Amino acid sequence: MKAVQFTGYGEVSKSIKVSEIEKPIINKNEVLIETYAAGVNPLDIKVIEGDLKSVSTFKLPATLGYDISGVIIEKGEHVTDFNIGDEIFSKVKKQGTFTEFVAINKNLIGLKPKNISFEEAASLPLVGLTAIQALKRGKLKSSESILIHAGSGGVGSFAIQYAKSIGAYLYTTTSTENVKWVKELGADRVIDYKTVDYRAIVKDIDMVLDTLGNEFTEDAFKVIKNKGSVITLVGPVDAETANRMKLNKIIQLFLAFKRRKITKQIKLKSAFYSLLFMRDNAKQLHEIKELVATGKIKINIDKVFPLNETLNALLYVKKGHTKGKVVLKIK
């Protein structure tokens, strides 16, 4: 079967190839999925460029991709909650989804929402799970306020709608051309970062979802209220997460040095700060399914590429400024 793999760490355009690999053989707890579509994420680019080598290693060449939608064509004898022919969506661990067939543990899959296409379903798992877990990590409640950076991106556009489903008041930043669309997603205040400094508008809020990192992580503490929360997807590793990852003391000391400015801000604001490492969660996939089925989450696909144009899809995502998600159509 065909699979898009990366052959080494480095520049995206020099690290991708289309390979012929063996079709997976499932175990008793797995299902075999015929892949209809796969989501393309900035995470795929981080993997190729080696940004995650310290926390995740791959045996090269390795198949890319984390998001999948498709149909179950085989199931193991211990799989009782799903049937052959079921349409599913999932976020996998390391198997890779840029391929024609994927073996997935039964505990990682969810039934695809019936009211959307396979391409739309493949756009949901990673960004949906990330957004839900981030807002739950920050304990966002109804009537509280949140700033979500990069509202037109995959995580941002889902997080906006999820925050509104909770009942939060929502600020977001985006570029001029996306202001109207992001407003339609449910944001209460959309800030065009090209013309306005968001720090002049956002004050004393309960939570920031930081999707940008660097100075945006530090500046998040300037806009939250005392005892507010900053949940980052890309900022420095916090002490609790470092302990949970069981990193050795030398690495933890290095990470503590890197986050010293953040540590100072945390103390000044008595704030809660956490770097989110998203976890696979089938229960939350069901929550996503229900949100989509009831119309609380609407999906926007920016572009769809065929599997043999995966490199173009990755380079398009790498440019940034996508409006929604980029997806590979595999069948």
From the Cα centre of the stretch 188-247 to that of the stretch 1-67, the distance in Å is 30
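Considering only DSSP beta bridges where both residues belong to the chain, give the percentage that are antiparallel (nearest 5). Show your work: numbers first, answer last.
Numbers: 31 of 56 bridges.
The antiparallel fraction comes to roughly 55 percent.
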Taking a crude spin-label model, label points 7 Å out from Cα along the C-beta direction, the Glu184 to Ser143 distance in nm is 3.2
For the Ser19, Asn83 Cβ pair and Förster radius 41 Å, calculated FRET efficiency rounded to 0.05 is 0.85
A chain fully extended from Lys249 to Lys94 at 0.36 nm per residue, minus the present Cα-Cα distance, gains in nm 53.1 nm
Relative to the chain, whose Cα atoms define the longest principal axis, helix 282-293 and its Cα axis are tilted in degrees, nearest 10, by 80
The chain, Gaussian network, Cα under 10 Å: of Gln252, Gln284, Gln161, the residue fluctuating most is Gln252
Mean-square fluctuation maximum in Gaussian network of the chain, Cα pairs under 10 Å, restricted to Leu268, Leu43, Leu32, hits Leu268
Too long for a 31 Å Cα-Cα cut-off, among Lys59/Lys289; Lys225/Lys249; Lys139/Lys258; Lys249/Lys283; Lys267/Lys296, are Lys59/Lys289; Lys225/Lys249; Lys249/Lys283; Lys267/Lys296
Nearest 10, in degrees from 0 to 90: the angle of helix 249-258 to the longest Cα principal axis of the chain is 50
Counting only backbone N atoms under 16 Å from a point 7 Å out along Cα-to-Cβ of Arg279, the residues of the stretch 123-137 in range are 129-137
The helix 125-137 Cα axis meets the longest alpha-carbon principal axis of the chain at an angle in degrees, between 0 and 90 and rounded to 10, of 30
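No value in this document is a laboratory result; all are computed from the given coordinates. In this text, all values refer to a predicted model and were calculated from it rather than measured experimentally. Cβ atoms come from the backbone with ideal geometry, glycine included; neighbour counts cover every protein chain shown.
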